[in-house]
Structure formats: C-alpha cells, structure tokens
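What follows is a set of notes on a single structure, which appears directly below.
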Amino acid sequence: MARVGVFVCHCGENIAGTVDVAAVAKAALDMPGVVHAVDYKYMCSDPGQTLLKDAIKEKKLDGVVVAACSPRMHEPTFRRAAEEAGINPFLCEMANLREHCSWVHDKGAATTEKAIDLVRLQVEKVKRDRPLQPIRVPITKKALVLGGGIAGIQAALDIANSGNPVLLVEKSPSIGGHMSQLSETFPTLDCSQCILTPRMVEVARHPLITLYTYSELEKLDGFIGNFKATIRRKARKIDEKLCNGCGVCQQKCPVKKIPDEFNEGLSFRPAIYVPFPQAVPNKPVIDVKNCTYYKTGKCKACEKLCPTKAIRFDQEDIVEVHDVGAVVLATGFKTMPVGNFSEYGYGKLKDVIDGMKFERLASASGPTGGAIRRPSDGKEPQHVVFIACAGSRDRLKGVPYCSKVCCMYTAKHAMLYRHKVHGGQATVFYMDIRSAGKNYDEFVRRAIEEDGVKYVRGRVSRVYEEDGQLVVKGADTLLGAEPVEIRADMVVLATAVQAQNDAEELAQKLHVSYDPYKFFAEAHPKLRPVETNTAGVFLAGACQAPRDIPETVAQASGAAVKVAGLFSQPTLTREPIIAVVDRQPPPVFSSCVGCFLCKSACPYQAIEEEVIKNRNGDVLKVVAKVNPGLCQGCGTCVSTCRTKAIDLEGFSNEQVFAELMCI
Amino acid sequence: MAEPFEPKITAFVCNWCTYAGADLTGTSRIKYQPNVRVIRLPCTGRIDFMMVLKAFTRGSDGVIISGCHPNDCHYTSGNYHARRRWMVFRDLLEFVGIDLERIIFSWVSAAEGAKWADLVNEVTSKVRALGPYRELRQLAAVGID
Amino acid sequence: MRVGYYPGCSLTGTSREFDESVRSVARALEIDLAEVPEWNCCGSSPAHMIDTTMSIALPANVLLKAKRAGLAEVLTPCAACYSRLLMGKHEIETKPATRAQVERVLGCPPGSLDELPKVLNVIEFLAQIPETIAAKVTSKFEHTVACYYGCLLVRPPKVTRFDRTEDPVEMDKLVALVGGKTIDWSFKTECCGASFSISRTSVVGRLSSKIMQDATRRHAEAIVVSCPMCHSNLDLRRREINRRMEKPTLIPVLFITQVIGLALGLSEKRLGLKRHFVPVKLPAKTLPAQVVS
C-alpha cells in the first residue's frame, strides 16, 4: 500500500489568499494512499523543506506531492529535498496551485475544489511513479557562440579564458556588430571603436577561439552537452590563408557604387570589400550579386592584380558539422526600418535619418570623417530635430515596449552635434526621459544644462519638406499643448529596437521560445535570465530584449559562466524521463511486434532495431529498443505504438489514465 | 431549483509551450474560469486519443488539446504528429458519435498567457451552452468503458 | 453587380455633383446602386457631440434597413457618413452592452444587429474593380493632380483600416489607373478646417490655404477629393484661401468619381462639373500618353 504525503504551501498569501489551504490538506487525507497531509506557509523555505524531509523519514513515505507553485519553478528544489530524505527524487510530484489556480481564479469554493482536484491528480500519479536513476551522458567541452557583436565577443572571450574551446560564428564578413558602427558611447563619450577593436583582435588571436565569419548556423541537432551544429561557411571567393589584406583588390575593383552597409548607405563600396578598415579578419569578400564577373563572365581585375593570387572565383560554400556542448545565442537586434514612418516622410526625405546613420555621420571613421553633414546636399545642418520613441511605446503603429537605449543615445547625439556644430541648434522631442543607469541621468542633464540641447516634451505629428528645409510639426505638452512648428535642416529618428528578421527561424532551429516580438525568451524572467527553456542554450545581449552595451557585456559574461559551469562537470546527468520498450521472458521477449512505426515518428532517431537470436544464431524476433542517450522523452512513440509496448517513464500510460480516472 | 450546470473541462497540454503559457497567465494574474483541469504531458505528440475518450467517459464535458505552434515544438515535430493523428481520429470519432464540438485543438505558446485565458474561457462558455455530455459516461456506467 | 447606396444629406444638397458623378460612373460601369430604403441621418457631427447612444443608433438604423433590404454592402460616398456608419458598426460589433442598448432604442429583437452590411467608401469600392474601370477608359485623364484624403476617411486607423493612415495611396492608384499622375506631397491628411466651414471661415482659410499652397507649389493642376466637406472648404472657401496665399490660385477641386467619369468619357453635365465654384478648367493634356498598367 502506498504511503503518500501531501504538503500544501500557502506561498505567503499567494495561494492561501484565494485557496482554503487547510481544507485542501484535510481533503487530501481522505484520498486513498495518503497517510500524511499538512499545510505550511512557505514550503520552499528551509523550514518547509525540513518539514518535508522529516515527514518522509518519520512517516516512511514512498511518495510526495507538494501542492505549491509550478513544477517549472520548484520541482528540482523538492526533488532534491526528497532525495536528501532518502527516497528516489522521482517519487516527488508537484500540484500547481499557484500559477494554475490561486493566481487565476477568484476566492471561492470552486477554486478550492479545483485545488483539491489538482492534488488528487498528482496523488494518483505519484502512486504510480517508479524510482528512476538519472542518466549520465558525456559532455563535449566546446561552446558555439552565434553572433560576433559585443555580446558574442565577450561571451567567447570569457568562455575561452576559462579554458574551453569556442567556435564563434558571425554571419557578416567581420565581427564587431552594431557596436563597431557607433561613434561615441554614452555616458562616458569614449570612442566605441577604441574600446571594441582590441577585443576583436583578442578574439582573432585567442588560441582557443575558432572564428568563422561569413558563416551561418544551418541546423542544430542533439541536446545539452551533445549538440551537433551544422554550419555553412559561405564562400568569400578568397583564399584566406594567402590573402594578406593589402587592399589592392578593393582599389582596383571597377564596381564602385554599391551602398556601404557599414556606413548605413551613406557611402559606397566596391564589389570586393572589407566592411571597414579595422575589420577582423581583415580579409575581403566578393559580393557575388554585384560583381561584374558573376554578372557578365568578364573582368577578374582583382584576380589579375592580387599580389598573392588569393582570389578564388570557383570557391564554393563549405558545410561543416561540429560537436559542441553548449550554445550561446548573441545574434543582436535591428532597428525599425524608417520607411515605417510615413508621417516622417522617410524614404522620400533624404534628411530624415535614423540613429545608426547619425552614428556614422558623427564617427571619425565615417563617410564624413566625423563632420555632421546632411545627406541631401552635404551642408552642415544648422538646426537638427531629434525625435525619440519613433515606433517604440506606440501600440497602434509600432511596438508597445520601450527600446531602452534611445533616450540615452538621443542625448548623446544631440550633445555630439552641439560639440561639432557650434551655434547649431538641437531640439529633442520626447515622451519621457528614461535614463536609469549609472551616470545616465547626469549625462542627460549635461546635454540639457551644459550643452544647451532643447528638450520639448511632445510628439511630432508630421515632418515634410518645404523649400529645401524640413518642417517639423509637433506639440509642446508642457506649454499647454501648444502646436510647435520648427524649420530644421535634418531630423534624426530614434527608431525602435527590434528582433532580427531571421530571429523566429533561428529560434525554431534551436527550439528556443520567443516572445510576440520575436525576442528570445529566457527560462525565468528574474532568476534564470541567461538560460533558455532548451537546456544548454544560453542568451546574451539584445537578441533577448533591447539592451545597452554595459548590460549586454554583463549578460554575456553571465552566459559564459553558465557555459563554464556546465563544462566543469565530468559528465552530465539528465532527467531519466525517457521511453522504454517492454521486455518479457521468452518466448514472448517483448510485446513489440516490430512494426517500427515508432522509428518513423521519433524526431531523434533514438529507436533502434534489436535482433533477438537463439543460441544457434537463428533470428527469433526483431523488436524496438530505445537508445537512452538519444531519447529526449517527448513520448510521440508511445502514442504511436499499436501494441502499447512502449511507455514513457514519468508520464506512463498507467499514470495518465490514473489521473483521468479521478477527473 | 437545480444548481446551474458547471462543465468539467480536461486540458491535455505540452510541458514546454502551453503549460508554460498557462504559468504565464498565472504570473500575469489574468483571471479565467476555474472549470479546467490540466494534464501535463511532455509533448502533444504524447497524446493518445484513447486518453480523450477516457476523459469523456470519466465525466469531462469538454476537452482542450494544446501545444506549441507549428515549427515551435520543443521536440521538433511532436505537435505535427499530434495534428496528423487528430486529423485521422476526427473522422473516426465523428463516425463513432463523439460530439466533436467538445474537443478543441489549439496552439498556445509560452508567451501567450492571455491566449490561454481566452481559450479556457471560450471553451468553458461554449461547453456550458452545449450542456452536460452524458452519452459516453452512461455507456461507461453500464460497463462499456 | 448590385450594391447598397447611402447618399446621406450632403449628396442631396451642397455636393449634388458628387452624387451625380457616383451614379453616372456606376451606370457606366454597369453597377446597380440600390438606395437604402427610407434612410435616415447618419448622425454626423451633431449627434456624437450630444448623445453617444444616438450617434450609434442612427447609423445602426441605416445599416439595419440596408440589411433588411438584403444588401451585403453599402457604398457611402460622403466621408462623414462613412465615418459614422463605420464607427457605429464597430461599436456594435465590439461592445455587447452598447449593442443591447441600441437594440432597445431601435425596438428591434436581439440579434437583429448581427452581421450588419459592410460599409464601403468610394475609394475602397472602386479599388475592388480596377479591371472593370480600366476596360472602360475611353480618354485617359492625362493630368497631374494632388490627391487629398482629409481626415474622416482614414481615421481612426484601428477602425478604418485604410491602406496607410498617414500617407494613404489608394486614391493615387485610382488616378494612375485612368492615366493620371499624382504628386507626392505632404498634406494628404492634414486638416482642411472641417465643419468650421460655416461657423469660422477664417479658420478654414488658414488651414486650407496651407494645403493649397503645397499643392500648387508642386504644380498640381487640380486637387482630387472624396469628401464633401473637403470639397466645400477647398472650393467654396477659395476666396478665404486665396486671401492667405502668396499667389492666388484657381486650380479646380474634383471628386475622384468626376476624374474617373472624365476618363470614362462621361459628359460634364452628367458629372456635375458645372456646379463647382472654382470653374473646372484643366489645361490641355499635359502628360505624354502613357500605358495604363
């Protein structure tokens, strides 16, 4: 006879506020098999866990149901406690009285009744739990970092410095990401490139970091500790070993008028190019779409002039498979296309630009050498209007969230403009100034008080062009919502930060959850911010949510520590929630009839064919067998099996039907 | 006067998307009707349609099946198997005489807390309007279980 | 093809030419306009300033009559009527309490306000049948014009679902369809002064002159509108406008149906072109012949 203990948690007022916890405990005592039931204020606290452990020992319990929060929150906690009290951890189940009951229903009899039902389901389940032994699997101690911006660079360096090899994959021809495009960084105004390029060089030189630029992840198979990453190394059309980065090819390429991505289209680049002078690696790529040779079959000027004969027109993409144990996602963000803002006339009005373009204008390495010149005619703008929240916090036409970095970079832009154009006027239209961060608010105050940037609290309804000037129409809500009309030479939009275009596709490749805006979802918003729901996949930087540089770096280091922690174990223990094919004594051997429907259903190729022979070597039967190393425990095979020969540990047919029996 | 009819809804949900989504409903404190009992499974691919029949014979008036959106399955393809199996079983269940209006198939991701609440409310109200589902339960009572 | 037709008061009064041109164009395109029987006022501006229920009940009653007449769609040329009918329908569809209240006011049984007919403005309606229009074009409208949308057709965006709220292009596409060219300008949806047309003409003069200023500066030969109010302000109040213009202008203001009617070869009389205050005098064809795609 089962001896089940039920522990009902109050979770302070969170559960006890709506559910009559004492009644739940009392009702549990009447359930068949339950020999002990109590309620307690905080089951997850140390005294709560002690209560559980003592009861297991004193009452000789062989099953435990903790009726508290979601098992996704505290199942590991209570299973550990059960193990410490001497029973198998898998004999502990949780009834979700908080997320699924007390938080979502009003106080009343129906809610308490539901709570009792939820406990009953788990009591039925726990009675049928079998003691399971964790599965030990080896770990490949090598990390894959996706994305070579500051997040990926930091994560790669930290993991490599902990002594583990890293494969850093970046889709563009150079690492550096958005940060390499920035002019100065808030709140210190130190030059972005000056602090970033040493890190980039460090990545290239690190003996434990393998750098694959111009490469993308095609596929990720396997599981924590044992991933198989398929990586496509796009053909640069250059022999990287021979190329010494002299740059002759770039100078001699006859195609000159391709908008330069690095300069946000403010200048032009040739068809064979290095994105920017400090690029790592400093090796060019041929832009096949725009190269004359690929279009017409003629030219090859670069090949003729290359002193090291490094050009390879016939080079093909290489697809490689790498074994890795952990993945860090650091794929960054994009900004909302300015074409979204028809009221700001973008696309038609050349002098309405976004923040990234302004960064390039202000950057010493930019197309104007750091002089602020407006794109339409190259004149120095005498009045620049900055519009914050272009798309952010705009539920109707943009995104509802705050993009977080814009308040700060707009203040920086206005400041830089005032430093560079003496006598120029800078006006910022804003909703709120959000400058929470170390030295952030002081920075904004400095822009207003010392650099004379004019802040107008209000929205801009329209920007249009008249006589070569931009007319900005808005409202000043602090001065009685008076309409304001400003004639400006240039308008800078602080466009919303968004997830990358391919974020959803990538999330699906890695089986990582994402929010409605395609930002990758962390495992827990507060307590597990760098982990995802897929074990072994970690997050760093703005691919998770809008982030500034300090936060990104901190999170990247956090992700690196998680990876290093994982790699510090000799082997990995995995939950033994796996499928099992039954085995019986001869002559049946197994109720499996060898149809292998399960084999075609299994997403992990975990089902193998086992040939059962007699001692003469004659084949008696071919039956299915689950490879415990590969099985992930989805249970698809179980529902496919026609003879019910396969069952899933922890979610067995008997358990699920037992739960259903007491509905 | 008899008590107003309160339907029993059984929900089969996957651990990674809909269960997490329902957790988010809780974290976001979005209220919904308390008629649903959740059976947590690793994946919708684990759902054997015998379980759905069992739920009805044991007194459920409606059944929700919900997992990850297509392409988002934690196990790559479990939800596709569930969908495919459902397409086949639908016709069979209909032929057998099960009221298909009482089985609701949906996708709720881990980010869709509000959608879970809407789904439960919608199904509960719908089943409440349909009334109790006695047919299978009565058969079960005479031993055809 | 049969479609419900709700002219509203403006089209029987100040904007008779809009009504005439809509009917003429419909006839030319072989579209049967079935006028909503015994239609009443849409509520327009007065009702929703005074009584919210009335402002929904009035359009609801119009749509209910159309529904009972078996009409699935109602074409509403007047932008103010369009806005009221659409808002009324939206309120009824999204707010059960409002629906119940309106049902009580109208004395109709519950459920009668389900599945009310679809409300269409002229632009939406014509945009559905580009092939029919293109096939009937006899003389291309080879002029450069400014399409002015005003506010009522495009707002509020969550209800109207117009193509692009701030920078709509559907009317521009229609003009292009019949061979015309449209300018790219900044005042497509700026305020014309609306109902100040009567009470404070100086406000209309100030606001509409800005619209006129930008259109003429970019060499529009005419302004094309789809709203009686916009038309009144830009046409009837031209003297107020010209008083504030750097250079007074006499470019005409046409309804989109008049533009299409001209391209279909309909007479000036049938299109009501003689009814404008600013005479409709378009320069000789200014565009080289172009292929209508």
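The values are calculated or read from the model by the stated rules, or taken from the named source; none is laboratory data. Just so we're clear, the structure is a prediction, and the values are computed from it rather than from any experiment. Ideal geometry is used to build each Cβ from the backbone, glycine not excepted, and the neighbour counts take in all protein chains shown. In case anyone asks, the SASA skips ligands and DNA or RNA and just uses the protein heavy atoms, side chains included. Shrake-Rupley method; radii C 1.70, N 1.55, O 1.52, S 1.80 Å.
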Percent relative contact order for segment A:503-653, counting Cα pairs under 8 Å at least six residues apart, stands at 17
Whole-Hz Karplus couplings 3J(HN,Hα) for segment A:56-70, θ = phi - 60° and coefficients 6.51, -1.76, 1.60, Gly and Pro as x, run 4, 6, 5, 8, 6, 6, 10, x, 10, 10, 9, 9, 8, 8, 5
Taking the convex hull of the alpha-carbon atoms of segment A:279-347 and averaging its shadow over every direction gives an area in square nanometres of 9.4
Stokes-Einstein D for segment B:9-141 (20 °C, 1.002 mPa s, Kirkwood Rh from Cα pairs), in µm²/s, comes to 144
Cα convex hull volume per residue for chain C, in Å³, equals 118
Cα-based Rg then Dmax for segment C:138-286, in Å, read 14.6, 43
Note on segment A:1-159, DSSP bridge orientation, antiparallel percent to nearest 5 equals 0
Residues whose modelled amide H sits under 5 Å from the amide H of A:S461, counting only those 5 or more places away in sequence or on another chain, are A:K473, A:G474, A:A475
Segment A:351-408, Kirkwood Rh and Cα Rg, ratio Rg/Rh at 1.06
Per its Cα gyration tensor (rounded if a/c is under 1.5, else prolate when a/b beats b/c, else oblate), segment C:1-160 is best filed as prolate
Zone reached by a paramagnetic label modelled 7 Å from A:Q382 Cα along Cα→Cβ, restricted to segment A:460-497 with backbone N below 14 Å, covers A:468-470, A:487-490
dims of the protein assembly as shown, Cα set, principal axes, largest to smallest, nearest Å -> 104, 91, 64
Expressed as a percent, the accessible surface of segment A:498-579 that is carbon or sulfur, using a 1.4 Å probe and the full set of protein chains, is 56
Nearest 10, in degrees from 0 to 90: the angle of helix C:16-28 to the longest Cα principal axis of chain C is 90
Here FRET efficiency (C-beta to C-beta, C:E246 to C:R155, R₀ 30 Å, nearest 0.05) is 0.50
For segment A:248-305, the percent of accessible surface on carbon and sulfur atoms (probe 1.4 angstrom, ligands and nucleic acids excluded) is 57
For the pair A:L479 and A:V622, the simple spin-label estimate (label points 7 Å beyond Cα toward Cβ) gives in nm 8.6
Rounded to a whole number, the Stokes-Einstein D of segment A:248-305 in µm²/s (Kirkwood radius over Cα pairs; 20 °C; 1.002 mPa s) is 184
Between B:V142 and B:A129, the two model label points (7 Å from Cα along the beta-carbon direction) sit apart by a distance in nm of 3.2
Quick calc, segment A:1-151, dipole around Cα centre from Cβ unit charges on Lys, Arg (+) and Asp, Glu (-), nearest 20 debye, gives 660
Between A:E303 and A:V593, the two model label points (7 Å from Cα along the beta-carbon direction) sit apart by a distance in nm of 6.3
Buried accessible surface, C vs A, both sides, probe 1.4 Å, in Å² to 100, equals 1200
Karplus-derived 3J(HN,Hα) from phi for segment A:459-465 (6.51 cos²θ - 1.76 cosθ + 1.60, θ = phi - 60°), whole Hz, x at Gly and Pro, runs 9, 9, 8, 7, 10, 9, 9
Sequence order, segment A:319-333: Karplus ³J(HN,Hα) from phi using 6.51 cos²θ - 1.76 cosθ + 1.60, θ = phi - 60°, Hz rounded, Gly and Pro as x, gives 10, 10, 10, 10, 8, 9, x, 8, 10, 10, 8, 9, 8, x, 9
Given a Förster distance of 45 Å, the FRET efficiency implied by the Cβ-Cβ spacing of C:C108 and B:M50, rounded to the nearest 0.05, works out to 0.35
Rg from C-alpha atoms of segment A:334-498, normalised by the globular rule of thumb 2.2 N^0.38 Å, equals 0.95
The correct ranking of A:E303, A:E58 by accessible area at 1.4 Å, largest first, is A:E58, A:E303
Quick note, segment C:1-82: a/c under 1.5 would make it rounded; otherwise a/b > b/c is prolate and the rest oblate (a ≥ b ≥ c, C-alpha gyration tensor); here it is oblate
Out of A:I209, A:L506, A:P187 - ranked by how far each Cα lies towards the positive end of the dipole of chain A, with unit charges on the beta-carbon of charged residues - the top one is A:I209
Scoring chain A by relative contact order with C-alpha pairs under 8 Å, at least six apart, yields a percentage of 12
Taking only Cα atoms of segment A:579-661, the Rg to Rh ratio with Kirkwood Rh works out at 1.01
Treating only Lys and Arg (+1) and Asp and Glu (-1) as charged, each at its beta carbon, one finds that chain A has a dipole about its Cα centre, in Debye to the nearest 20, of 1660
Placing one equal point scatterer on each C-alpha of segment B:83-133 and summing with Debye, one gets log10 I(q)/I(0) at q = 0.16, 0.17, 0.22 Å⁻¹ equal to -0.60, -0.66, -0.91
Computed on Cα atoms, Rg of segment A:4-132 relative to 2.2 N^0.38 Å comes out at 0.93
Along principal axes, largest first, the alpha-carbon spread of segment C:57-117 in whole Å comes out as 29, 21, 16
Log entry, pair A-B: total buried accessible area, probe 1.4 Å, protein chains only, in Å² rounded to 100, is 4300
Counting only DSSP beta bridges with both partners in the protein assembly as shown, the antiparallel fraction in percent, to the nearest 5, comes to 40
Of B:G131, B:G113, B:G67, the most mobile residue in a GNM of chain B (C-alpha springs, cutoff 10 Å) is B:G131
So the FRET efficiency between A:A554 and A:E505, C-beta based with R0 = 41 Å and rounded to 0.05, is 0.90
Rounded to the nearest Å, the spacing of the alpha-carbon centers of segment A:598-663 and segment A:284-344 is 46
